[in-house]
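First the structure, in the form of structure tokens, and then the observations on it.
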Amino acid sequence: MEILRTVVELRRWSRKERNDGGKTIGLVPTMGALHAGHASLICAAAASCGAVAVSIFVNPTQFGPNEDFARYPCSFDADCALAEAEGAHAVFAPGVDELYPTGAATFVDVEGLSNRLDGASRPGHFRGVATVVAKLLIAAEPDRAFFGQKDAAQVSVLRRMAVDLRFGTEIVVCPIVREADGLALSSRNVYLSPDERMKALALSRAIRCVEALTAGGERRAGALIEAARQMLAVAAEIRVDYVEAVDWGTLEPVETAGPGTLFAVAAWVGGTRLIDNTILG
Ligand code: AMP
């Protein structure tokens, strides 16, 4: 597996794989601290693309001033081993200056969508995400890029961006990978104390509750939101950020949940912000 550090190296790798090797190119963007959720994306990419690059880049522009950019977990050697074991052919790990040259002043703003859900509570977050993913797509020119449903609002933003900017890259969405007890895997779960780790289960329980209610015929978004809020109100350490039922394409709130409705929650468990969701069938 190759370790690539510059945009020129990544583009050269991608073009060589496509032109000389006749391969389709898959890209898996990550911020590192890889876990089984990331592994599922790499595995899916390797199953459908002849050449797979995993990017590992903690993107400063998607963090707010008081967020965890400076202490974001990092495990580069283990990440490379995991990426290779799952079938990656290259890791792209640029420095910040490589993706944001001195004086960088160009950003991608997906209007409307970027201000909803996580974008409402983390101003500028999706602008940072869209900007870095655009840079990665321009550099790697992938046929497919793989993202997790775990960050479902991010998927909506990136799908809109890929269509609007005519990237021609297929955005592939992979299911949420969970711990055996239901907690969605996240690089940030390492921040949780054992007690918070237990309390964090309230998020996946809220999601499961909403799934059970809709399977039983409940369609009123208000009733589903209320039920989820009750599930999250079990511990003083849990502070709800949002509980929303929205159209997965537009991220606009819906009154009646149905196929394509994204039901999403975000909550602080102690000092750690966690998210979870389900797409209703
Ligand atoms: P991150 O490194 O947190 O930026 O995540 C990189 C990619 O992995 C994103 O597309 C995430 O949605 C995806 N991802 C993170 N956690 C999970 C999970 N538990 N299951 C599936 N995909 C995930």
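The values are calculated or read from the model by the stated rules, or taken from the named source; none is laboratory data. Predicted model only: the values in this text are computed from it and were never measured. Reconstructed Cβ throughout: ideal geometry from the backbone, glycine too, with neighbour counts over all protein chains shown. Side chains included, ligands, DNA and RNA excluded: accessible areas come from the protein's heavy atoms. Shrake-Rupley method; radii C 1.70, N 1.55, O 1.52, S 1.80 Å.
Mean shadow of segment 140-219, computed from the convex hull of its alpha carbons, in nm²?
Mean projected area of the Cα convex hull: 7.6 nm².
Run the reach check for Lys150 against lysines, Cα to Cα strictly under 24 Å, same-chain hits fewer than 8 apart removed. What comes back?
Within the straight-line limit of under 24 Å, Lys150 reaches these lysines: Lys135, Lys199.
How large is the accessible surface per residue of segment 191-279, computed with a 1.4 Å probe and reported in Å² as a whole number?
Per residue, segment 191-279 has an accessible area of 45 Å².
What list of ³J(HN,Hα) couplings, whole Hz, do you get for segment 233-247 from phi and the Karplus terms 6.51, -1.76, 1.60, once you set θ to phi - 60° and write x for glycine and proline?
For segment 233-247, the Karplus-derived couplings read 8, 7, 9, 5, 6, 9, 10, 6, 8, 8, 9, 9, 10, 9, 6 Hz, x marking Gly and Pro.
If I take every Cα pair under 8 Å that is 6 or more residues apart in segment 2-174, average their sequence separation and divide by the length, what percent do I get for the relative contact order?
29
According to the Kirkwood expression over distinct Cα-Cα pairs, how big is the hydrodynamic radius of the chain, in Å?
19.5
When the distances between all Cα atoms of segment 134-281 are binned every 10 Å from zero, what whole-number percent does each bin get?
The percentages, shortest bin first, are 11, 38, 32, 16, 3.
How far is the Cα center of segment 92-133 from the Cα center of segment 194-239, in Å?
Value for the Cα centre distance between the two parts: 30 Å.
P(r) for segment 98-190, please, calculated from all Cα pair distances in 5 Å bins and given in %.
3, 12, 21, 21, 20, 14, 6, 2, 0, 0
Taking amide hydrogens as modeled 1.01 Å from N in the peptide plane, which residues meet the under 5 Å criterion relative to Ser55, leaving out close sequence neighbours?
Amide H neighbours of Ser55, under 5 Å, 5+ apart: Val28, Thr30, Phe92.
Please work out the ratio of the alpha-carbon Rg of segment 48-144 to 2.2 N^0.38 Å and round it to two decimals.
Its radius of gyration relative to the 2.2 N^0.38 Å reference: 1.19.
Given a 1.4 angstrom probe, I'd like the percentage of the accessible area of the chain that is carbon and sulfur, rounded to a whole number.
Carbon and sulfur: 52 percent of the exposed surface of the chain.
Can you give the helix-only mean residue ellipticity at 222 nm for the chain, where every DSSP H stretch with n ≥ 4 adds -39500 (n - 2.57) and the sum goes over all residues, rounded to the nearest 500 deg cm²/dmol?
After summing the helix terms and dividing by the residues of the chain, the value is -11500 deg cm²/dmol.
Could you tell me the largest-minus-smallest coordinate of the C-alpha atoms of segment 163-206 on each of the three principal axes, in descending order and whole angstroms?
If we take the Cα atoms of segment 163-206, the spans are 46, 19, 16 Å.
I'd like the FRET efficiency for Phe107 and Ile3, computed as 1/(1 + (r/R0)^6) with the beta carbon distance as r and R0 of 22 Å, rounded to 0.05.
For R0 = 22 Å, the calculated efficiency reads 0.20.
Quick check: convex hull over the Cα atoms of segment 1-65, volume per residue in Å³, rounded to an integer?
102
Per-residue counts of other Cβ atoms within 10 Å, averaged by peptide: what ranking do you get for 23-33, 224-234, 65-75, 46-56, highest first?
Highest-to-lowest ranking by the protection proxy: 23-33, 46-56, 224-234, 65-75.
Whose amide H sits under 5 Å from the amide H of Ala33, counting only residues 5 or more places off or on another chain, with H placed in the peptide plane?
Correct list: Ser75.
Return the sequence-ordered ³J(HN,Hα) values of segment 21-37 in whole Hz as given by the Karplus equation 6.51 cos²θ - 1.76 cosθ + 1.60 applied to θ = phi - 60°, using x for Gly and Pro.
Computed from phi, the couplings for segment 21-37 are x, x, 8, 7, 9, x, 10, 10, x, 9, 10, x, 6, 5, 9, 5, x Hz.
What list of ³J(HN,Hα) values in whole Hz, one per residue of segment 135-146 in order, does the Karplus curve 6.51 cos²θ - 1.76 cosθ + 1.60 (θ = phi - 60°) give from phi, with Gly and Pro shown as x?
Working through the residues one at a time gives 4, 5, 5, 5, 6, 8, 6, x, 6, 9, 10, 10 Hz.
Just to confirm a number: summing +1 for Lys and Arg and -1 for Asp and Glu over residues other than Ala45 whose beta-carbon lies under 9 angstrom from that of Ala45, what do you get?
Its environment carries a net charge of 0.
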